[in-house]
């Protein structure tokens with residue numbers, strides 16, 4: 001029987017994920033991002049176990065993170081049977097990713113303020 005080690009969040013990582021969630025990041029995206037920041041690369045199964053997310057949640061998070069250009073994926077065909085495992089890696093630094101998130105949140109705030117001004121014009 002094969003043994004695998006499972007990584008879990010530290011208290012610091014849990015706080016970081018909760019801060020991301022607090023600013024409006026979806027839970028699954030925040031958890032996967034924090035998990036990948038703590039490891040050089042990880043399979044989708046390792047991410048599922050370490051974040052306590054289900055496979056569809058991890059897949060949706062990965063789709064978003066790859067669309068943003070923050071994560072890359074390659075297939076590990078070292079196992080001879082079955083489908084090759086997908087291995088994910090952060091390609092941008094956490095600082096760069098946080099910069100992108102900050103820019104996105106600033107744009108959202110500007111849009112909200114513009115909508116409030118339009119509302120005032122109608123009153």
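Computed FRET efficiency, Cβ-Cβ of residue 60 and residue 123, R0 35 Å: what is it to the nearest 0.05?
On the way: r = 40 Å, r/R0 = 1.13.
Efficiency for this residue pair is about 0.30.
Which shape class, rounded, prolate or oblate, goes with the range 40-85 when its Cα gyration tensor gives a ≥ b ≥ c as root eigenvalues, a/c under 1.5 marks rounded, and past that a/b bigger than b/c marks prolate?
Details: a/c = 1.98, a/b = 1.33, b/c = 1.49.
Oblate shape, in that a/c is at least 1.5 and b/c is the bigger or equal ratio.
Show me the ranking of peptides 98-107, 55-64, 12-21 by mean Cβ neighbours inside 10 Å, starting with the highest.
On the way: 98-107: 12.3, 55-64: 17.0, 12-21: 15.1.
Peptide ranking by packing, descending: 55-64, 12-21, 98-107.
Can you give the percent of C-alpha pairs in the range 63-123 whose distance is more than 20 Å?
Above the 20 Å cut-off, the range 63-123 has 55 percent of its Cα pairs.
Expected output is a single nm value to one decimal: the length gained when fully extending between residue 43 and residue 85, i.e. 0.36 nm times separation in residues minus the C-alpha distance. What is it?
On the way: separation 42, 0.36 × 42 = 15.12 nm, distance 0.66 nm.
The residue 43-residue 85 span can extend by a further 14.5 nm.
Quick one: grab Rg to one decimal and Dmax as a whole number for the range 11-92, Cα atoms only, in Å.
Considering the range 11-92 through its Cα atoms, Rg and Dmax are 12.7, 43 Å.
Would you mind calculating the relative contact order of the range 11-92 from Cα pairs under 8 angstrom and at least 6 residues apart, reporting the percent as a whole number?
28
With a Förster radius of 35 Å, plug the Cβ-Cβ distance of residue 52 and residue 115 into 1/(1 + (r/R0)^6) and report the FRET value to the nearest 0.05.
Working: r = 37 Å, r/R0 = 1.05.
The computed FRET efficiency comes out at 0.45.
Helix 27-37: angle to the longest alpha-carbon principal axis of the chain, degrees 0 to 90, nearest 10?
Tilt of helix 27-37: around 60 degrees.
Describe numerically, in nm with one decimal, the distance between label points set 7 Å from Cα along Cα→Cβ at residue 105 and at residue 23.
Result: 0.3 nm between the two label points.
Per the helix-only calculation at 222 nm, which mean residue ellipticity applies to the chain, given -39500 (n - 2.57) for every DSSP H run of n ≥ 4 and division by its residues, nearest 500 deg cm²/dmol?
Values: 5 runs with 73 residues, N = 123.
Roughly -19500 deg cm²/dmol at 222 nm, from the helical runs in the chain.
All of the numbers you see were taken from the coordinates with simple rules; none came from a lab. Nothing here was measured: the structure is a model prediction, and the numbers come from that model. Here the Cβ is made from the backbone with ideal geometry for all residues, glycine too, and neighbour counts use every protein chain on show.
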